[in-house]
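To start, the structure under review is shown below, and the notes come after it.
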């Protein structure tokens, strides 16, 4: 075996991902050394409880509760504790000690990314985070490096496996949200407290990270518009299917050019919401807990990256790829290349975004109602592309209810929401059943 | 505008890709400088004929026929001349002059890659070639970096747009090869001399590059088994469809583990041929001239990378990404990280590969023929999974001809080809219609 220089690797956290990372580091040590050009010595694993059960059988003597001592003297620090603290403090400590950092902590990067990248720049260190955006799918390097000479126009990502699993089963089985969620929890696809997934918080963190990279702009988490999938029901999915769509929770990162002079010439929008995707779109065939990121760039055209978005061993693959990169960089020398946020584009609020919409209304089945509805839309600058009206059977034999499904042309979100409010208050609309954006057509 | 250091960029070649690269470098200069942290000055464009027409309007004073003078003093040399010489000499000159090199030249890398990577290692320079394997699809960095901590088991790539366009149209329209090829030539999807594409030479070069990266092993081009698509006809495509398959020209790069002790414990196989792919496989829905690379890795699971495989401006995107990477590396300092070929796995000849097969035979419609055929297969260690026999109508009213389609279990290629030879010589087989490998199920 070649006589390589040894690099000290400190691992913080031994949960589902961390224990797999440790196991692979120990098992494939020689192979990784050949690839990195350096022997990767797992110096220790910092955990809260040394005796907690682990997914992988690991030597007991590696464990410590003293993360800070472990960090000192390490060349590479892998942070897999999750959460904001003490992860943030440990990463800043690692960088100031001269280590390169590998992390999968999307919450931390979406919240304190700028501080961490700055700290790395100060000392010429690097922060690697391939595992933070779409699990095992390589998307960070493609955006950061491969597309660095191009202009990304738009990203549409299915970046949360739990919600895709739920929506896919609802679509396939016609089941309702609560029912599938309970099943997903039982099978381990959803957590006991599913809020982070089903309310879109996890997807919003990933959207912030992807948009920062794609648009070379610092994207604070609170500028990401976020809606979850808890209001998606079986009827909505069925109605989407009828219109040729599937419902997906999308992270949309968009470059918006405005030649009108009314707003900035160039800006971005970052948003997460359940959207209607045409069944012919590549994203429509992303099933189960899989993730996919669809990228439209000016020169490269349409690209798609597909794979497992989560899972301990899958995510460990992305973490170890970063560890090898960090090791190569250590051996090669030179300072780290920081994140470029020099484009610094303005971030538009959701009201300033234009998309197409599908509006579903229940109205009283009377003469003139459609004309009234169409009038309100027209006054609100929302142009109708398609209309379908059906009469809903009334079991009580009362006055009939009709359902109107309206597909709009591109409209401004602010105009659309004002118009929907006017429809709701108009007297002819019994119920606004749903308002969904249409993406990808 | 920030006061960046200026890097001299020399461009060799101004064809479909080169002219787009020059245009984008000039048009997006400020943006690229912000991303690279350096001003990229296009110092000149070396071409054979200064007055030849170009796809993009470029300042005449940039052109020169003296590539070697242009190279001297350049920080980054972009080689887009194609072909083996003078590309090889120019790249070696650039590296020895201290420049980093960006190239899209798959023929050169597949043929002289080892020499070029060695020359780069000698001087601590880097060679970037994202555009050489699948056009605009970022696949080099994912394999080289993101999956560096994982073990790639298998790559199945649709890496040639021309043949995918032809096979896709044959599949969609039921048309025959010659007819679609002529149309593809008229539309610019295929060259006047289509040999490099339809005989699989282009795909074989890309397969060698992908396999080298995935398996950390130097893969000489002549170890890549290669078959083209010229014998694929409408009947074969129809019969594939009937069995639930689509025909795709695949580049297959496979890690083969053999615990039997009969061969090396671990080896690889790299091969290009038309194969049957189940219609439910993600590769089956790659249409038109698009490319996709499907990767199976031990930890990461299944990943797919999809996009445009060719085209001037699309490929220019990948080239410019490499230029920005090279510039960042120049600014950051440190030596280049060479290609790791330290695994150095043995490469198996095609005869030692096992796959599943579909064999289509025409036999005389007589008692006992199927038994004879089954006996020959069994003697040849080829195990039958499925059989379908149909009687082919004979317009002349002669003795009937039956068609037998046999799906095999996994068999050794050498056993299979010996068995097919015996079938052909058996007297009961009128014609071996086709023998195709089945991949992806």
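Points to keep in mind about this one:
- Exposure proxy shown here: for A:329, A:242, the number of other Cβ atoms within 10 Å sets the order, fewest to most, as A:242, A:329.
- The label-point distance for residue A:390 and residue B:392, in a model that sets each label 7 Å from Cα toward Cβ, rounds to 4.9 nm.
- Ranked B:230, B:408, criterion: other C-beta atoms within 10 Å, fewest first: B:230, B:408
- Highest GNM mean-square fluctuation among A:104, A:343, A:203, for chain A modelled with Cα contacts below 10 Å: A:343.
- Peptides B:55-64, B:75-84, A:353-362, A:52-61, ordered by how many other C-beta atoms sit within 10 Å of their residues on average, highest first, read B:75-84, A:353-362, B:55-64, A:52-61.
- GNM flexibility winner over chain B from B:208, B:196, B:332 (Cα, springs under 10 Å): B:332
- Coordinate range of the alpha-carbon atoms in the stretch A:140-309 per principal axis, descending: 47, 33, 30 Å.
- Debye intensity ratio I(q)/I(0), log10, chain A, q values 0.06, 0.07, 0.09 Å⁻¹ (C-alpha model): -0.30, -0.40, -0.63
- Peptide A:130-141 - average C-beta neighbours from other chains (10 Å radius): 4
- The GNM of chain B, with springs linking C-alpha atoms under 10 angstrom apart, assigns the highest mean-square fluctuation among B:155, B:376, B:166 to B:376.
- Other protein chain Cβ atoms within 10 Å, averaged over every residue that makes up B:184-190: 0
- Legend: mean number of C-beta atoms from other chains within 10 angstrom of residue C-beta atoms, peptide A:26-35, equals 3.
- Calculated on the alpha-carbon coordinates, the convex hull of the stretch B:118-235 measures out at 142 cubic angstrom per residue.
- Convex hull projection area averaged over all views, the protein assembly as shown, Cα basis, nm²: 43.2 nm²
- Two-site label geometry, residue A:191 and residue A:27: point separation in nm, points 7 Å out along Cα→Cβ: 2.6 nm
- Rg/Rg_ref, the stretch B:353-438, where Rg_ref = 2.2 N^0.38 Å and atoms are Cα: 1.05
- For the stretch A:245-383, dividing the convex hull volume of the Cα atoms by the residue count gives 188 Å³ per residue.
- Chain B: angle of helix B:312-332 to the longest principal axis, Cα-based, in degrees nearest 10: 50 degrees
- In degrees, nearest ten, helix A:177-187 long axis to first principal axis of chain A (Cα): 20 degrees
- Rounded to 10°, Cα long-axis angle of helix B:87-96 versus longest principal axis of chain B: 50 degrees
- FRET efficiency, 1/(1 + (r/R0)^6) with R0 41 Å, evaluated for residue B:3 and residue B:68 via beta carbons: 0.80
- A protection proxy built from the mean count of other Cβ atoms within 10 Å ranks the segments A:279-291, B:18-30, B:257-269, most packed first, as B:18-30, A:279-291, B:257-269.
Just so you know, all these numbers are worked out from the coordinates, no wet-lab data involved. Please read these numbers as outputs of a predicted model, since none were measured by experiment. Virtual Cβ from ideal backbone geometry, glycine too; neighbours counted across all protein chains shown.
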